[in-house]
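Enquirer: My questions all concern the structure below.
The values are calculated or read from the model by the stated rules, or taken from the named source; none is laboratory data. This structure is a prediction, so every number in the text was calculated from the model and none was measured. With ideal geometry, Cβ positions are generated from the backbone for all residues, glycine too; neighbour counts draw on all protein chains shown.
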Amino acid sequence: MIAARVERMEIAEAVMAAGAAPQACVRSKPKCNLVSRESQDQDTVVRVGDVTIGGPRFAVIAGPCSVESAEQMVATATAVKAAGASLLRGGAFKPRTSPYSFQGMGEEGLKLLAIAREATGLPVVTEVMDSGDIPLVEEYADMIQVGARNVQNFSLLKKLGRVKRPILLKRGLMTTLDELLMSAEYILASGNSQVVLCERGIRTFETATRNTLDLSAICVLKERTHLPIIVDPSHAVGRRRFVAPMARGAMAVGADGVMVEVHCSPETALCDGEQSLTPEEFAAMMAELAVMGRPLHREL
Ligand code: PEP
Ligand code: MN
């Protein structure tokens, strides 16, 4: 496989050297070599601390959209852990549509995530938006998230390929599955094979939900790649009451886990309160997933 890739690159270089038009080099569709099932048939299992994503267990990442305070993080982390979550989420650098919206607590937020990890033992997942912040985020995070808006930030992806942390790569609002796989390929090609893909809803003509959850993406990606795939129903639907049914849908179609926003007081959340579950709603969702997982051989 690697030989085939090198050969293709050599042919492209030879064509360039011969002075041919650049189009001649890009006529054939580029292949995702490293992420493809052809290069590795066996499912990749990504390890985050003691937690695995992509094995028999169904991974549940839970926590607030944004880190807001130490009390909020510790209370949420304690509640989601008690309900069976395996990883804690929380954004310290927030990609907001408006520059006037809360942008996240930055380094202070990362420190609060570390406090919540200390209190509960849950490994933490958090987003990096700017490649200049990678060393800082790497210091605190057990897994680094690339948000939907950065899925094709190729210089960021290449730098994350050189990082010794697993990466959670979210699909963009308008990225095709081919493009998502190519973005993952950037990270693997730069040296980091620990990548988890995340379907988080795409932009369609439908306005009843925040985005449209593309559950068929799970089936397609499972066929095409050995990388684990999880679903973020919160950003997909944008409405609290639709989150649990979509999480069950994710499990039913073979996703390796879900990432769900949870807030102790959603009405006062600084970001995405409308789509955040209360700890009680989260516990109810977990109980449903546990029952559903039994015949599917997916333990939480
Ligand atoms: C998030 O998970 O915090 C987030 C901002 O999601 P997305 O990048 O999918 O919009
Ligand atoms: Mn959010």
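Enquirer: Can you confirm whether the range 14-26 contains a residue that is modelled with pLDDT of 95 or more and away from ligand 1 (no atom under 16 Å from the Cβ)?
Expert: no
Enquirer: Can you tell me which residue is farthest from V163 (Cα to Cα) among those in the range 188-213 that are among the β-branched types (V, I, T) and outside any loop (DSSP other than H, G, I, E, B)?
Expert: If we take residues in the range 188-213 being among the β-branched types (V, I, T) and outside any loop (DSSP other than H, G, I, E, B), then T212 is farthest from V163 (Cα to Cα).
Enquirer: Give me a count of the residues in the range 94-114 that are in contact with a strand residue (DSSP E or B) (Cβ under 6 Å, 6 or more places away or on another chain) and either within 12 Å of ligand 1 (Cβ to nearest atom) or outside the structural domain of M73 (by TED's automatic domain parsing) (or both).
Expert: Adding up the residues that qualify gives 2.
Enquirer: Take the residues of the range 65-93 that are touching a residue at least 60 places away in the same chain (Cβ under 8 Å) and more than 22 Å from R47 (Cα to Cα): which is nearest to ligand 1 (Cβ to nearest atom)?
Expert: C65
Enquirer: Please pick out the residue among R200, R165, R210 that is within 19 Å of G90 (Cβ to Cβ), basic (K, R) and in contact with a Lys or Arg (Cβ under 9 Å, 6 or more places away or on another chain).
Expert: R200 is the lone residue from the list that is within 19 Å of G90 (Cβ to Cβ), basic (K, R) and in contact with a Lys or Arg (Cβ under 9 Å, 6 or more places away or on another chain).
Enquirer: Moving on. Can you tell me which residue within the range 35-84, out of those that are within 16 Å of ligand 2 (Cβ to nearest atom) and part of a loop (DSSP other than H, G, I, E, B), is surrounded by the most Cβ atoms within 10 Å (Cβ to Cβ)?
Expert: Top of the filtered list is V67.
Enquirer: Out of everything in the range 233-261 that is in a loop (DSSP other than H, G, I, E, B) and either farther than 16 Å from T278 by Cα or not charged (D, E, K, R) (or both), what residue ends up being farthest from ligand 1 (Cβ to nearest atom)?
Expert: The selected residue is G254.
Enquirer: Can you tell me which of E185, E281, E223 is touching a Cys at 6+ places or on another chain (Cβ under 6 Å), in contact (Cβ under 8 Å) with a residue 12 or more places away in the chain and either outside any helix (DSSP H, G or I) or not polar (S, T, N, Q) (or both)?
Expert: E185
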